[in-house]
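A short write-up of the structure that comes next.
Please treat every number below as a calculation from the coordinates, not as lab data. Note that this is a predicted model, so its numbers are computed, not measured. When we count neighbours, we look across all protein chains shown, and the Cβ atoms used for this are built from the backbone with ideal geometry, even at glycine.
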Amino acid sequence: MKKLRIIGLFAGMAAIVLILNMLIDPVALSRAKRVNNRNRNYAGILATEENMDVLIFGDSESYTSVSPLQLWQEHGIPAYNGGVQGQCLAETWSEMSTVLKQQHPKVILMETCMLFRYHGIEKDSQMVLAEHLYEALPGLRYHSFWKSIFYTDQDKKKENDWQKGFHLVSGIGGLEDANREEDTKKEAKMAKLNRWYLDRLIALCKENDIQLVLYSAPSPRNYTPARLDFLDMLVQEKGLDYINMNAIEEEIGLDWSVDSYDGGDHLNLSGAQKVTTYIGDKLAQEYQLPDRSSEEEYRQWNQDAEEYAKRVKKARKKWKKNKKAAGTIGEGVNP
Amino acid sequence: MAYHVNLYLLIFLPAVVLCYSLAPQRIRRIILLLANAAFYLSVSRHLIVFILGTAVFTYYTGLKIEAAGEIPKRKKNWLLLAIIALLAVLALLKYTNFALANLNRLAQFFTGNEPFTIRKILVPLGISFYTLEALGYLLDVYWKRLPAEKNFWKLLLFLSFFPTVMEGPICRYGDVGDPLWECRRATAEEVEMGVLRILWGLFKKMLVADRLNTIVATVYGNPDQYTGYVTAGIAIFYTIQLYMEFSGAMDMVIGSALLFGVKLPENFRQPFFAKSASEFWRRWHISLGVWFKNYIFYPVTLSDLAKKWNKTARKKYGKHIAKVGTSMLALFPVWMCNGLWHGPQWNYIFYGVYYFVLLSLEVILEPAKKSFDGAKIFQKWPVLLGILQTAKTWVIIFAGELFFRADGLGQGFRMFFNIFKPYIQDPNKTSIWRHLGIARSDWAVIALGILVVGAADCIIEWQQRTGKTLRLSGPNWRYAYVFVLFGAVIVLGAYGAGYLAVDLIYAGF
């Protein structure tokens, strides 16, 4: 009797989790644009019906450096930026393994800054556990979806998915001295946990016949010479394709006095446009990604691109204003 | 590994409870000791030597105090050695930097130099809690309330019990030592109650406290931007946050211990029903108050000095003055220790002095209060008196917590005086409460959480006062509460995307 009561208690709790998961997950995905915070891009990818040829993962360096709709405008490549602030490899694994069940990209671009992210064994173990739970019970990931009941008109304006995960920022926070110096706070090594996840991600891409390309967005604040040396060795060891954009800043035409909004940590719109053009050319030429802009299935993408172009035009105007008063950090356009 | 994180709730605690429940009794002790070590190592790593050292030292000196038997001087010497050594370790680890920083300030003022270099000192987990438990045990042995423990492992199990080591409650060895060592399996009712208490704690912390933390941190981060009702409101919200957070953590602690068949003392008893500052402290962080009462207040009150004063003052100035003098003599060390115990900051010391002054005033004004309470209007409407007393106590509590949360005494005073400056609303913005970092939906959850916890506190208070019980208990009701709370925590809890994990406040003390 005693055992039965205890089993009943835990069985009831398990049933509640399963029921909530079954209720929340489909509702959230059917209204993916209302999913907020760091799950937004994740839900955005899952809610996109068309297949995307390129998926981008990483932390803030990724979603401020590559604009999917610019890739579409310039090369007709359907892409989505799934990067989120402070992303860790456990999150990338969870996100990638879930979205690959319905998306079949040809190339996955992975920004490398998150390879160095480590919060200590306790915090990272908590995060790994949470990600495994979310993988098993995805409804829990969107548990605060009920908040959309309280949506205001302003929130509704943000629903439009014109950015496809990209963060468009028109501010300028120039960097006076772009010389890279060693910074002991920026450790040039990977935690064992991150190595383990990287190997799993490489295997996952191979399994799904996807070309995994690592790239380092230009960022003097994050990429110290030691880190860049480490990455060169790592990609050699793993046999991975790698684009180090920090080594080709001149070729891209980056000007650190106007292409960053926070003093060389992240790119603003102007910087991201230059990087996206370079990456788009590389994807089209070296990975032979087809131009799908005239395909009927992707008609919505052209409409999204039109909206995007309008936003970019406005943001460029702001950026020019900021350029005149260079050195001040402007407001981001995107939420 | 705090009590509210997934690693504790989903892996560590279930694994330990499962091993404990399946193992034979002798092995259960070993399992608990190993679990305590694993828990401690997960947070404090090599600093585990401090709690081990404290246990060895307490065990040894306890035996020595008992062995000194009827030789009072030797007995007293051993006790003094123990007290000085335990407090010295605590002071060295916790207060050295505070003392050096203040000496530097003084030296800076007089000589323009700062002679001392301040280095970061790692403080072992729960040192403030297990040191008081060890001192309590030794004093009980000294006063012959307890025999000295002959079994070192039993004492170690008590001092390092993982559910209490981080935040208390500060237990007495006489109350918890035996049930803990007994290591019996929990009954079905205890398991149900344990799970219920853990979920109740999570409900308080994850629905209310962690959301309030955002707005409280916003205002305390820029204290001079806010004035008037906003600062006053934040003092109230911080008090609610602290109550939900600390009492919630205690629910998780008590719930965890129940899963091992151990009943810990309650640390909160509906504190917002208090009608005076002294009553508030009999309802808030009860175990700390009881410790100070048993080991400082009573011994000082019964000391030769207090007795002498009492005798002389009664003759010269009358009963009331004698009582005031004795009370103040005993209250002063209690509240200085209370303030210092919370940490090496001037605002904590001020917090102690604040309550010392208020509690002393309560004793001084007792005759005036009696005549005020006996006024005709209050005899006609006693509820009115109750409301007035409760409102007064709330103001005292909120003002105290305003200083308690401040980053230094200076900020506390600035914020206190800011309350009396009007807040001018930015005409381009809607209500200020919508610009403090949380959404409307979060406010709705906070309101819901406060309502539910408030209603539960009202029911418990009513039951305790009247001795009546609502027909809302029993196994079926427990199941219902568990399922509702569990669902609420999953859906409404402030975890995952969009929320920052908030560390337990009292774990820092």
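Worth pointing out:
- The alpha-carbon of B:K73 sits under 16 angstrom from the alpha-carbons of these lysines, leaving out residues fewer than 8 places away in its chain: B:K64, B:K144.
- In this structure, the amide hydrogen of A:Q211, modeled 1.01 Å from its nitrogen in the peptide plane, lies closer than 5 angstrom to those of A:V107, A:I108, counting only residues at least 5 positions away or on a different chain.
- Using alpha-carbon coordinates, inclination of helix A:89-99 to the longest axis of chain A, degrees: 70
- Order of A:F150, B:F350 - criterion: other Cβ atoms within 10 Å of each residue's Cβ, fewest first: A:F150, B:F350
- The ellipsoid that matches the Cα gyration tensor of the protein assembly as shown has semi-axes, each √(5λ) in whole angstrom, of 55, 31, 29, with the longest given first.
- For the pair A:A203 and B:E266, label points projected 7 Å from Cα toward Cβ lie 5.3 nm apart.
- For the residue pairs A:K101/A:K147; B:K75/B:K150; A:K164/A:K324; A:K101/A:K206, the alpha carbons lie more than 22 Å apart in A:K101/A:K147; A:K164/A:K324.
- Unsatisfied cross-links (Cα-Cα over 26 Å) in the set A:K186/A:K314; A:K189/A:K274; B:K370/B:K468; B:K293/B:K369: A:K186/A:K314; A:K189/A:K274; B:K370/B:K468
- Added length on full extension, which subtracts the Cα-Cα distance from 0.36 nm per residue, B:A455 to B:Y60: 137.4 nm
- Whole-Hz Karplus values for segment B:317-328 come out as 10, x, 4, 4, 4, 4, 5, 4, x, 5, 4, 5 Hz, taken residue by residue from phi with 6.51 cos²θ - 1.76 cosθ + 1.60 and θ = phi - 60°; glycine and proline positions read x.
- Semi-axes of the equivalent ellipsoid for segment B:191-492, computed as √(5λ) from the eigenvalues of its C-alpha gyration tensor and ordered from largest down, come to 35, 27, 20 Å.
- Global geometry of segment B:221-344, whether rounded, prolate or oblate, following the gyration tensor of its Cα atoms and the 1.5 cut on a/c: oblate
- Under 16 Å of direct C-alpha separation, and excluding same-chain neighbours fewer than eight residues apart, A:K321 reaches these lysines: A:K313.
- Overall form of segment B:236-278 per C-alpha gyration tensor (a/c, 1.5; a/b vs b/c): oblate
- One decimal place: the segment B:A107-B:K120 gains 2.6 nm when fully extended, by the rule 0.36 nm per residue minus the C-alpha distance.
- Efficiency of FRET between B:T187 and B:Q464 - r from beta-carbon atoms, R0 30 angstrom, step 0.05: 0.80
- Per residue, the convex hull around the alpha carbon atoms of chain B comes to 200 Å³.
- Residues in segment B:349-364 carry Karplus couplings, in order, of 5, 4, 4, x, 5, 4, 6, 4, 5, 5, 5, 5, 4, 4, 6, 4 Hz; the curve used is 6.51 cos²θ - 1.76 cosθ + 1.60 with θ = phi - 60°, and Gly or Pro positions show x.
- Rounded, prolate or oblate (a/c below 1.5 giving rounded, otherwise prolate when a/b exceeds b/c) for segment B:6-185 by Cα gyration tensor: oblate
- Residues in segment A:40-55 carry Karplus couplings, in order, of 4, 5, 4, 5, x, 5, 5, 8, 6, 6, 6, 6, 10, 7, 10, 10 Hz; the curve used is 6.51 cos²θ - 1.76 cosθ + 1.60 with θ = phi - 60°, and Gly or Pro positions show x.
- Distance from the alpha carbon centroid of segment A:131-150 to that of segment B:404-451 works out to 29 angstrom.
- On the basis of the beta-carbon distance and an R0 of 45 Å, A:A14 and B:T218 show a calculated FRET efficiency of 0.75.
- With Cα atoms, 0 to 90° folded angle of helix A:2-30 axis to chain A main axis: 40
- Between 0 and 90°, nearest 10: helix A:225-238 axis offset from chain A longest Cα axis: 60
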